[in-house]
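> Right, I'll just put the structure down here and ask away after.
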Amino acid sequence: MIEYRSIRVGLLGAGSVGSQVARLLLEHADELEQRVGARLELVGIAVRDTSAKRDVELPAELLTTDAESLILGSDIVIELVGGIEPARSLVLQAIGSGADVVTGNKALLASHGPELFAAAEQVGAQLSYEAAVAGAIPIIRPLRESLAGDRVDRILGIVNGTTNFILDRMDTTGASLEDALATATELGYAEADPTADIGGYDAAQKAAILASLAFHTSVPVEAVHREGITEVSADQVESARRAGYVVKLLAICERLTDPETGDEGVSARVYPALVPRSHPLAAVHGANNAVFVEASAAGPLMFYGAGAGGVQTASAVLGDLVAIARRRVSGGPGTAESTQAEVPVLEIGRITTRYAITLEVTDEPGVLEQIARIFALHGVSVEQLQQSVSEGSQRATLVIGTHEAKESALAETVAALAQSPVVASVASVLRVEGAL
Ligand SMILES: NC(=O)c1ccc[n+]([C@@H]2O[C@H](COP(=O)([O-])OP(=O)(O)OC[C@H]3O[C@@H](n4cnc5c(N)ncnc54)[C@H](O)[C@@H]3O)[C@@H](O)[C@H]2O)c1
Ligand SMILES: N[C@@H](CCO)C(=O)O
Ligand code: NA
């Protein structure tokens, strides 16, 4: 087996995602080296114009316009150029030269997936594409690996951030499609040419990739039924709202069985549909994505998060890169445990959270003041207080909600409360998590 001291990484494209991948690779080089067991050395970044202005400053000596030479000098090639050509030829060249490939290019995979996978298989190259569907959300690896032993029956998802942002904006502000699209463009969600997003093409490419993986069947993008959101009107969104629904652009991949013949088929489709407001997909706001997977043994699973964005998507690219690099280093998937960081595991006293404390106290003047003093003395700040007194009782129940406080300070506060002559008992202490 080859002993790797470093693995040469060639990056093609330094746009929204590529520039963030380069930045994170350079900034986290030491940590990634520990995780992989070899240095991930960024040997070059292929760009169209080395003097172009970029949001992220990249080392000038890494920039090149010669993508082909860069590929020849790389062990792993990351393709973030987008589109079909020259991306397809570059990926094929990388595979042919013995490199593994990471790509986020759903357009390429949805139209030329079989050709690329066959080329990779022929030479034993790895081709990973977590970033291609639902950006940062891990969905490719769960389908390809975690659910490989199960039978996926259905996938229902919001997989396009731009259209979700537009439909959400129409729903919450009553804006027209044109105005909502203008806002999406202003905020940098929509491309200069938003046709791929609002026409449903981007979602259809993702549906093709998901259906192929889920059903172990080649589902080309041309086989995906596609309707975009261009015909969705403010009136439709408003009447849906009044009826308790929200309009979402959905990607649906399903396994169907003909009840008469028992023949099986699969359907992959993208269209705007009404979703009941009580459904979790209705709560997916802004440019977020969410994907539900129904598998026969696992049951329903839900994946949610940032489906687009340069830095978010870079996370998925780097995940693929580390996984591929580990495989190169160890000749397998890498060690099951990843413990080299050796960060200390802290005791509970070090955590910070919020608390709800219920006290039984004597119902007499000055009690609240004494209790407030105990909190203040330990640096725990009270956010809210509710008092209830039962008829004829000498006791009152206090429910005290705190601001964020350190667990150790809280423990001392509770101990002091328990000692206080005005407190009959500390009835309960519960931590409050998940607050917005
Ligand atoms: N932006 C996102 O949120 C997102 C999310 C998921 C997946 N993706 C995918 O990631 C890929 C990159 O997306 P992006 O948003 O970074 O696109 P982008 O348009 O911002 O960047 C692409 C870059 O590649 C450069 N380029 C084009 N042809 C080139 C060539 N021949 N050689 C070198 N550079 C070349 C362009 O000049 C541009 O800077 C696409 O396949 C996209 O579908 C993007
Ligand atoms: N244009 C895509 C980018 C992420 O694939 C979207 O809006 O979801
Ligand atoms: Na993903």
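> Looking at 347, 412, can you tell me which residue is modelled with pLDDT under 90 and either surrounded by fewer than 12 Cβ atoms within 10 Å (Cβ to Cβ) or not β-branched (Val, Ile, Thr) (or both)?
347
> Among the candidates 191, 222, 227, single out the residue that is within 23 Å of the chain's Cα centre (by Cα), surrounded by fewer than 20 Cβ atoms within 10 Å (Cβ to Cβ) and either within 16 Å of ligand 2 (Cβ to nearest atom) or modelled with pLDDT of 95 or more (or both).
When all the criteria are applied, what remains is 191.
> Determine whether residue 110 is within 16 Å of ligand 3 (Cβ to nearest atom), part of a helix (DSSP H, G or I) and in contact with a Lys or Arg (Cβ under 8 Å, 6 or more places away or on another chain).
The answer is yes for residue 110.
> Which of the residues that make up region 146-162 are closer than 9 Å to residue 214 by Cα and of a type in the set (Val, Ile, Thr)?
152, 155
> Determine whether residue 121 is under 16 Å from residue 324 (Cβ atoms), away from ligand 2 (no atom under 16 Å from the Cβ) and not in a strand (DSSP E or B).
Against the criterion (under 16 Å from residue 324 (Cβ atoms), away from ligand 2 (no atom under 16 Å from the Cβ) and not in a strand (DSSP E or B)), residue 121 qualifies.
> Something else about it: Hey, could you check region 7-34 for residues that are within 16 Å of ligand 2 (Cβ to nearest atom) and buried (at least 18 other Cβ atoms within 10 Å of the Cβ) and say which is nearest to residue 67 (Cα to Cα)?
13
> Do the conditions hold for residue 39, that is, is it among the charged types (D, E, K, R), more than 10 Å from ligand 1 (Cβ to nearest atom) and open to solvent by less than 70 Å² (accessible area, probe 1.4 Å)?
In short, no.
> Among the residues of region 288-306, is any assigned to a helix (DSSP H, G or I), within 16 Å of ligand 1 (Cβ to nearest atom) and in contact with a Leu (Cβ under 8 Å, 6 or more places away or on another chain)?
There is no residue in region 288-306 that is assigned to a helix (DSSP H, G or I), within 16 Å of ligand 1 (Cβ to nearest atom) and in contact with a Leu (Cβ under 8 Å, 6 or more places away or on another chain).
The values are calculated or read from the model by the stated rules, or taken from the named source; none is laboratory data. What you see is a predicted model; the values in this text were computed from it and never measured. Ideal geometry is used to build each Cβ from the backbone, glycine not excepted, and the neighbour counts take in all protein chains shown. Surface areas here come from the heavy atoms of the whole protein model, side chains and all, with no ligands, DNA or RNA. Shrake-Rupley method; radii C 1.70, N 1.55, O 1.52, S 1.80 Å.
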